[in-house]
Amino acid sequence: MTKDRSFYRNLFMLAIPISLQNLITFAVNFADNLMIGSLGDNAISGVYMGNQLQSVLQMFVGGIEGAILILAAQYWGKKDTSSIRKVVSIGVKFAVAVGIVMSAVSMAFPAPIIRIFTEDQGVIAEGADYLRIVGATYLFFCISQVMVASMRSVETARIGMYISIMTLAVNVSLNYVLIFGKLGFPAMGVKGAAVATLVSRVLEAAVSVIYVFAIDQKLRLKFSDLLKTDRQLLKDFIRYGLPVIGGQVVWSANMMANSMILGRYSAGVIAATSITGMLHNLIYVWMNGLSSAVGILTGKTVGAGQYEKMKEYAKTVQVIFLIVGLLSGAAVFLARDGFISLYNASPEAQEYSRQFINVISVTIIGTCYQAACLFGLVKSGGDISFVFKNDTIFVFGVVIPSALIAMWLGAPPWVVFACLKCDQILKCFVAVVKINRFNWMKNLTRDTQKTLEEHG
């Protein structure tokens, strides 16, 4: 364990606001899920399936965010804000393009999209109603996430938390009014949840843009920066960003496969998957906050060329995340019954939820170690393609084939679910070897003086 107190101080100063932001973002989704949960299995399942495209979008945008953070954090280690602005500008263009396409597709073809994941007509009807409206939020979501990522890259983590608090307050209030028909409004059910999400996302994007362009004093991004594209940095973004985005695409394919496989079962199984996913995400938020903080510090340290210090930090990070994993697994198991009781789910859905949560109480230990260390250390340290290759092999070579075989053999749903989560444990063995070889530390930035000369 490193004795450098500044590492722990910086780690938690970054991790706490990021974790709180993640928690608040989760709370927005949880509010939707919980209030819709009072409407029964079809409503729970419909909103879950309706959010599958959002999950895919988050993977794409997460890849763009990751590319921004990895490159920008290393430039931040050299205090080269000029290059960071150009990196962020490139990321904004990619994110807006993805958001426009996803919004258009989801609003134009809501029912066919839901039908990809399930054949249950009740679930399809509810999911299509939800997706038709919530699809309009995707563009605004892309904009706000890239703005927040740009601030995180220069160690301004709190603004994302404050924006998320505002989003939570607006979303929960509108959910209550529109889902159940309060204050003179008609009861809109799942449509009300979608409208509430739309309003809160528009407000979130507007505030994040105002802060980044009008208030921030570190990055000093201007709208004129978005009109320019540095060709050399665009090449770097594509070169280093494509493996990050590719990894997210692989992971989105994995999530879609999860939904398609489990969607072939009853509405009770789908509802259980939604409930289990919510508990998993609740526990995941603090691990993700720590992981993001590690990624920022790793990029900054490697970008500054402090490799020996980075080795010391890497050993410490592994111990921290192993402890986080064990605590998370225990928390999931202990929270199981109380969490399930929050939902007005059928006895079938409740029983499947117990079985699924038992599975993730074990697999989340591996998730906390390997996912956090591979992103926070290996990917952020510069070896981006390794994580992409590793995820691709496990998703298409282990996870999906094993789940399909289990389903074909008539295994119970919890066994299929366990197959879909097995990589979270198996990848730990790969992560231990990779991390402790320390061959992943690569400086991705161009020489600061050369960069300044090239760009004036």
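Taking only protein heavy atoms into account and a 1.4 Å probe, give the accessible area per residue of the chain in Å². The partial results should precede the final answer.
Values: 18020 Å² over 456 residues.
Roughly 40 Å² per residue, with all protein chains present.
How would you rank 276-288, 192-204, highest first, on the average number of other Cβ atoms within 10 Å across their residues?
Details: 276-288: 21.3, 192-204: 22.8.
Result, highest mean Cβ count within 10 Å first: 192-204, 276-288.
The candidate values are (1) 23.1; (2) 22.4; (3) 25.3; the one derived from this structure for Kirkwood radius over Cα pairs in Å carries the label (2).
Pairs from the list 93/235; 78/218; 235/434; 311/421; 235/315; 93/427 with a Cα-Cα gap above 24 Å: 235/434; 311/421; 235/315; 93/427. Taking the C-alpha atoms only, the angle from helix 41-50 to the longest principal axis of the chain is near 30 degrees.
Each 5 Å bin, from zero up to the one with the longest distance, holds this percent of the alpha carbon pairs of region 189-344: 1, 6, 8, 10, 15, 18, 15, 12, 9, 5, 2, 0. For region 14-56 versus region 83-110, the spacing of their alpha-carbon centroids is 22 Å. Please work out the FRET efficiency for the pair residue 116 and residue 404, using the Cβ-Cβ distance as r and a Förster radius of 22 Å; give the result to the nearest 0.05. Once rounded, the FRET efficiency stands at 0.85.
Bridging of residue 3 to aspartates and glutamates at a Cα separation below 20 Å is possible for 308, 312, once same-chain residues fewer than 8 apart are set aside.
Under 18 Å of direct C-alpha separation, and excluding same-chain neighbours fewer than eight residues apart, residue 182 reaches these lysines: 191.
Subtracting the Cα-Cα distance of residue 341 and residue 2 from 0.36 nm times their residue separation leaves 117.8 nm of extension gain. Considering only the other residues whose Cβ falls under 10 Å of the Cβ of residue 266, what net charge follows from Lys and Arg at +1 and Asp and Glu at -1? Around residue 266, the surrounding residues sum to -2. Calculated mean residue ellipticity, 222 nm, the chain: -26500 deg cm²/dmol, from DSSP H runs (n ≥ 4) at -39500 (n - 2.57) each, averaged per residue and rounded to 500. Taking a ≥ b ≥ c as the square roots of the eigenvalues of the alpha carbon gyration tensor, region 196-251 is oblate, as a/c is not under 1.5 and a/b does not beat b/c. For region 360-412, the square roots a ≥ b ≥ c of the C-alpha gyration tensor eigenvalues yield an a/c of 1.5 or more together with a/b not exceeding b/c, which makes the shape oblate.
Multiplying the sequence separation of residue 436 and residue 173 by 0.36 nm and subtracting their Cα-Cα distance, what value in nm do you get? Write out the running numbers ahead of the final one.
Values: separation 263, 0.36 × 263 = 94.68 nm, distance 4.82 nm.
Contour length minus Cα-Cα distance gives 89.9 nm.
Taking all C-alpha pairs of region 9-108, those more than 22 Å from each other amount to 51 percent.
Could you look at the chain and say what percent of its accessible area is carbon and sulfur, using a 1.4 Å probe and all protein chains?
Values: 11860 of 18020 Å².
Here it works out to 66 percent.
The chymotrypsin sites (Phe, Trp or Tyr not before Pro) of region 361-447 meeting both criteria, a DSSP state outside H, G, I, E and B (loop) and at most 15 other C-beta atoms within 10 angstrom of the site's C-beta, are 438.
The values are calculated or read from the model by the stated rules, or taken from the named source; none is laboratory data. Note that the structure is predicted; figures quoted are calculated from it, not measured. All Cβ positions, even for glycine, are placed from backbone atoms using ideal geometry, and neighbour counts span all protein chains on display. Accessible surface areas use protein heavy atoms only, side chains included; no ligands, DNA or RNA. Shrake-Rupley method; radii C 1.70, N 1.55, O 1.52, S 1.80 Å.
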